[in-house]
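Asker: Before anything else, here's the structure in question.
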Amino acid sequence: MRIALVSTVLLAGCVDWPDTTGAPSLDESGPWPILKPIDEVIEPQSSAQPGTDNQLDALSARATKLKSQARTMRREIADPDDIEALRSELAR
């Protein structure tokens, strides 16, 4: 345990620390940031948004296609003809 602590301290001494002389300073005399109510920042999440049904249908169709491809890819492949059949099914 002591060896780990000593080696950590010694390794920390080998690090090139960044030069902070040219870093920008904090301007405390500047204006305060403008705070906005959370309702203006976050849009309300409504299920009645236009196009939501089309997006859900498209997502559902994509999920169904991916599940079908996964079932196809789980098949056992015995010879090169099976590989070609698998490629043609996945290309659809």
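Each value in this text was obtained by applying a stated rule to the coordinates, not by laboratory testing. Just so it is clear, the structure is predicted and the values come from calculations on it, not from any experiment.
Asker: Shape call for segment 51-92 from the C-alpha gyration tensor, a ≥ b ≥ c root eigenvalues: rounded (a/c under 1.5), prolate (a/b greater than b/c) or oblate?
Answerer: prolate
Asker: Next up: For Val15 and Ala70 in the same chain, what is the full-extension length gain: residue separation times 0.36 nm, less their Cα-Cα distance, in nm?
Answerer: 14.8 nm
Asker: Read phi for every residue in segment 83-91 and hand back ³J(HN,Hα) as whole Hz from Karplus 6.51 cos²θ - 1.76 cosθ + 1.60, θ = phi - 60°, with x for Gly and Pro.
Answerer: Computed from phi, the couplings for segment 83-91 are 5, 5, 5, 5, 4, 5, 5, 6, 6 Hz.
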